[in-house]
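Inspection log for the structure reproduced underneath, given as structure tokens.
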């Protein structure tokens, strides 16, 4: 792709580094920004810069937050004995949109994936195990996507918790195998949480 401007080429290159954005799409987006009022582009760049500089991760659940402890963890109306284990904030948002879940979350920050070089030490599994050992959690709900990586991560955590009194369950397979939670409709996702099954049963079923 030939560019008449080095500034344009650099902007397209940086935009194309985003996931799912090829160079043609990046070019279209950059040209769109050039056609907009300069104030709009400035607002976008400032919002991204501020996000990168000021964003925090909740010290309790590890979700993205504006403050040290996120609004969900600091809400006294949430059930602290119930914790839903998810991959990232997109899953938190998807489950919250169902309006069916009133517990807390634990965001792992990914899934165990040897192919991508992601091991247990790269996730927030240790802090989850520590939480469970403190004895305040009665049930963990595994809500990772039903992929090989998701199942591997669930099983690894389950083995780490052997001997503890915590109950472990997994969302019902209303979510198709291989599907990500963020793409599930709210009704299906809500029912899969309400109709969750003991994790031991899911191991036997597989």
Taking residue 132 as the residue in question, decide whether it is within 23 Å of residue 163 (Cα to Cα), under 16 Å from the mean Cα position of the chain (by Cα) and either outside the structural domain of residue 172 (by TED's automatic domain parsing) or surrounded by 15 or more Cβ atoms within 10 Å (Cβ to Cβ) (or both).
no
Among the residues of the stretch 84-111, the number that are part of a strand (DSSP E or B) and either touching a helix residue (DSSP H, G or I) at 6+ places or on another chain (Cβ under 7 Å) or in contact (Cβ under 8 Å) with a residue 60 or more places away in the chain (or both) is 6
What are the residue pairs meeting all of these: first residue in the stretch 115-132, first residue within 16 Å of residue 59 (Cα to Cα), second residue surrounded by fewer than 15 Cβ atoms within 10 Å (Cβ to Cβ) and at pLDDT below 95, Cβ atoms under 8 Å, and 6 or more apart or on different chains?
132/164
Among (1) at pLDDT below 95; (2) on the phi > 0 side of the Ramachandran plot; (3) surrounded by 17 or more Cβ atoms within 10 Å (Cβ to Cβ) - the single one residue 94 does not satisfy:
(2)
When the residues of the stretch 44-63 are filtered to those that are surrounded by 16 or more Cβ atoms within 10 Å (Cβ to Cβ) and free of Cβ contacts under 8 Å to residues at least 60 places away in the same chain, which remaining residue is nearest to residue 106 (Cα to Cα)?
61
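The values are calculated or read from the model by the stated rules, or taken from the named source; none is laboratory data. Just so you know, these numbers come straight off a predicted model, no measurement behind them. With ideal geometry, Cβ positions are generated from the backbone for all residues, glycine too; neighbour counts draw on all protein chains shown.
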